[in-house]
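Visitor: Quick one: the structure is below, and I'll ask about it shortly.
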Amino acid sequence: MKKVVILAGSPHVNGTTAALVEHLLYGAQAVGHKVDRFNVATLKIGGCKACMACRKPGGPGVCVQKDDMAKVGAAVAAADVVVFATPLYYSDMTSQLKATIDRFFSFGESMKKPKDVYLLLACGGPDPKALTPVISVFEAMCAYLGWTIKGKVLASCCMDAGALAKTQHCMTAYEMGQKI
Ligand SMILES: Cc1cc2nc3c(=O)[nH]c(=O)nc-3n(C[C@H](O)[C@H](O)[C@H](O)COP(=O)(O)O)c2cc1C
């Protein structure tokens with residue numbers, strides 16, 4: 001049994017990304033993993049203020065912002081597997097998911113334990129190559145943290161959940177969840 005944390009970054013709670021997340025979650029639970037899902041776009045998570053209070057000697061050692069990141073960050077730090085799910089926004093992840101990742105900073109070295117990472121990425125355009133820039137960001141982030149990307153679902157041509165339902169991407173997400 002692995003501890004799996006899903007960070008879902010879309011403000012659409014019933015959208016494309018949410019459908020991919022549901023399927024991966026069902027697949028992972030079907031093989032006995034413990035899965036915690038956080039819809040970070042609907043939580044209160046402010047951007048990193050770069051105040052460095054979390055790193056100052058004699059300082060609080062934690063983020064000065066008292067919001068939902070305390071519980072999300074603690075769950076991520078304790079996870080064996082992290083799933084990042086986001087629609088493509090102007091060639092990148094959503095700002096809500098990026099704010100969440102930036103706040104990993106205040107968890108310091110506790111984030112740098114080896115983890116497996118899976119990506120669920122959706123975009124409206126037809127060419128999956130549109131997802132290359134955001135994949136590069138996740139690759140660089142994982143290299144910094146010592147995490148390893150183990151699988152990706154690249155759901156191009158999916159402007160909404162209706163378009164996604166006509167593809168095999170949800171089944172791929174389910175099977176990926178089972179293989180975690
Ligand atoms: C602000 C915004 C920016 C977007 N930028 C892109 C883009 O650069 N390329 C693309 O293919 N689709 C783009 N899209 C389309 C979304 O990626 C697509 O509709 C996705 O399925 C939405 O997922 P969701 O329902 O989980 O929010 C954009 C949508 C929005 C709202």
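Visitor: For G108, which of the numbered conditions (1) on the phi > 0 side of the Ramachandran plot; (2) touching a helix residue (DSSP H, G or I) at 6+ places or on another chain (Cβ under 9 Å); (3) open to solvent by less than 30 Å² (accessible area, probe 1.4 Å) fails to hold?
Guide: Among (1) on the phi > 0 side of the Ramachandran plot; (2) touching a helix residue (DSSP H, G or I) at 6+ places or on another chain (Cβ under 9 Å); (3) open to solvent by less than 30 Å² (accessible area, probe 1.4 Å), G108 violates only (2).
Visitor: A follow-up question, please. Check segment 47-61 and report whether any residue there is under 21 Å from L88 (Cα atoms), at pLDDT 95 or above and out of contact with any Gly (no Cβ under 6 Å at 6 or more places or on another chain).
Guide: For segment 47-61, residues under 21 Å from L88 (Cα atoms), at pLDDT 95 or above and out of contact with any Gly (no Cβ under 6 Å at 6 or more places or on another chain): present.
Visitor: Does K152 fit the bill of being more than 12 Å from the ligand (Cβ to nearest atom) and in a loop (DSSP other than H, G, I, E, B)?
Guide: No: the conditions fail for K152.
Visitor: For segment 115-124, what are the residues that are in a loop (DSSP other than H, G, I, E, B), within 16 Å of the ligand (Cβ to nearest atom) and buried (at least 16 other Cβ atoms within 10 Å of the Cβ)?
Guide: Matches in segment 115-124: C123 only.
Visitor: Do the conditions hold for K56, that is, is it loosely packed, with under 14 Cβ neighbours inside 10 Å, over 20 Å from I135 (Cβ atoms) and in contact (Cβ under 8 Å) with a residue 12 or more places away in the chain? If you could, list the steps in order and put the result at the bottom.
Guide: Details: loosely packed, with under 14 Cβ neighbours inside 10 Å: yes; over 20 Å from I135 (Cβ atoms): yes; in contact (Cβ under 8 Å) with a residue 12 or more places away in the chain: no.
Criteria not met by K56.
Visitor: Restricting the search to segment 153-169, which residues are of a type outside the set (G, A, S) and more than 15 Å from S10 (Cβ to Cβ)?
Guide: L154, C157, K166, T167, Q168
Visitor: May I ask you to list pairs of residues, at least six apart or on different chains, whose Cβ atoms are under 7 Å apart, with the first in segment 14-32 being of a type in the set (V, I, T) and the second being away from the ligand (no atom under 16 Å from the Cβ) and modelled with pLDDT of 95 or more?
Guide: V31/Q178
Visitor: Also, quick follow-up: Give, as residue ranges, the helices (runs of 4 or more DSSP H) completely inside segment 1-114 that count at least 1 residues that are over 21 Å from S136 (Cα atoms) and within 16 Å of the ligand (Cβ to nearest atom).
Guide: By residue number, 16-30.
Okay, residues lined up against (1) under 16 Å from L119 (Cβ atoms); (2) exposed (fewer than 14 other Cβ atoms within 10 Å of the Cβ); (3) of a type in the set (S, T, N, Q):
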residue: D68; (1), (2), (3): no, no, no
residue: V76; (1), (2), (3): yes, no, no
residue: D80; (1), (2), (3): no, no, no
residue: T86; (1), (2), (3): yes, no, yes
residue: D102; (1), (2), (3): no, no, no
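Visitor: Among the residues of segment 97-145, what is the count of those that are within 22 Å of L164 (Cβ to Cβ) and free of Cβ contacts under 8 Å to residues at least 24 places away in the same chain?
Guide: Residues meeting the conditions: 3.
Visitor: Quick one: M171 ticks every box in (1) farther than 17 Å from D116 by Cα; (2) away from the ligand (no atom under 16 Å from the Cβ); (3) within 18 Å of the chain's Cα centre (by Cα) bar one, so which box is it?
Guide: (3)
The values are calculated or read from the model by the stated rules, or taken from the named source; none is laboratory data. Note that the structure is predicted; figures quoted are calculated from it, not measured. Counting neighbours? That spans all protein chains shown, and the Cβs are built from the backbone with ideal geometry, glycine included. Ligands, DNA and RNA are excluded from the accessible area calculation, which covers all protein heavy atoms including side chains. Shrake-Rupley method; radii C 1.70, N 1.55, O 1.52, S 1.80 Å.
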